[in-house]
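Presented below is the structure to which this report refers.
The values are calculated or read from the model by the stated rules, or taken from the named source; none is laboratory data. The structure displayed is predicted, hence computed values, not measured ones. A quick note on method: Cβ atoms are made from the backbone with ideal geometry, for glycine too, and the neighbour counts reach across all protein chains shown. The area values use the complete protein model at the heavy-atom level, side chains included, leaving out ligands, DNA and RNA. Shrake-Rupley method; radii C 1.70, N 1.55, O 1.52, S 1.80 Å.
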Amino acid sequence: MLIRQIQPSDFAFISSVMDDWWGGRQVSHLLHRMFFDHFSDTGFAAVEGEEIVGFLVGFQSQSRPEIGYIHFVGVSPAARGKEIGRSLYRRFFAAARERGCLEAQAITSPGNAASIAFHQRMGFALLEGDGVEEGVPVALDYSGPGQHRARFSLPLAQAVFQATRPQAD
């Protein structure tokens, strides 16, 4: 498996499979081409053969440059269990740290127990919020009215990094 930077041409494929990768849940509207055009240095695709089997879209905050923000991550259901998500996160941690980031942040839906558990296994701490949903602290209306999100933080000094950096295509 190769992990490389995302490219603008990856957007069409990734946006076409996202809803399927999320079990039919409509999520493709949450990812925009601008991430592939303007944040490709901190976005990554996991590729097996010629096929993208996972992706991570993240960026360094302009308002808080010490923070690397992970916006969206997905792994093909057929490729799960192969450490692809973990590898994508580690690659992002390294890229964020190279840019001077001290912390990584991410969000997920409070009902997404698998995502919450994954982030906690990666070392992220759940941040306090201004509400609780399904027993999880949330930032109310974080992604719009009624769209509460669990927020995570990980000091990059505590993050585990990939030992080698595969070259981009």
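Summary table
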{"read-out": "Unique match (being exposed (fewer than 13 other Cβ atoms within 10 Å of the Cβ) and of a type in the set (D, E, K, R)) among 37, 10, 41, 19", "value": "37"}
{"read-out": "So residue 151, is it in contact with a Gly (Cβ under 8 Å, 6 or more places away or on another chain), open to solvent by 40 Å² or more (accessible area, probe 1.4 Å) and farther than 18 Å from residue 44 by Cα", "value": "yes"}
{"read-out": "Out of 52, 70, 116, 107, sole residue that is under 26 Å from residue 26 (Cα atoms), modelled with pLDDT of 95 or more and not in a strand (DSSP E or B)", "value": "116"}
{"read-out": "Residue check, residue 37 over 22 Å from residue 122 (Cα atoms) and either at pLDDT 95 or above or among the β-branched types (Val, Ile, Thr) (or both)", "value": "yes"}
{"read-out": "Subset of the range 119-138 (residues that are part of a strand (DSSP E or B), touching a residue at least 24 places away in the same chain (Cβ under 8 Å) and either small (Gly, Ala, Ser) or farther than 19 Å from residue 71 by Cβ (or both))", "value": "125, 136"}
{"read-out": "The range 59-89, subset among the small types (Gly, Ala, Ser) and under 15 Å from residue 102 (Cβ atoms), residue least open to solvent (accessible area, probe 1.4 Å)", "value": "68"}
{"read-out": "Residue in the range 129-144 that is in contact with a helix residue (DSSP H, G or I) (Cβ under 6 Å, 6 or more places away or on another chain) and surrounded by 15 or more Cβ atoms within 10 Å (Cβ to Cβ) present", "value": "no"}
{"read-out": "Qualifying residue in the range 109-119 (condition: over 18 Å from residue 147 (Cβ atoms), open to solvent by 30 Å² or more (accessible area, probe 1.4 Å) and among the aromatic types (Phe, Trp, Tyr))", "value": "yes"}
{"read-out": "Matching residues in the range 92-104 - criterion: being assigned to a helix (DSSP H, G or I), in contact (Cβ under 8 Å) with a residue 24 or more places away in the chain and open to solvent by 30 Å² or more (accessible area, probe 1.4 Å)", "value": "97"}
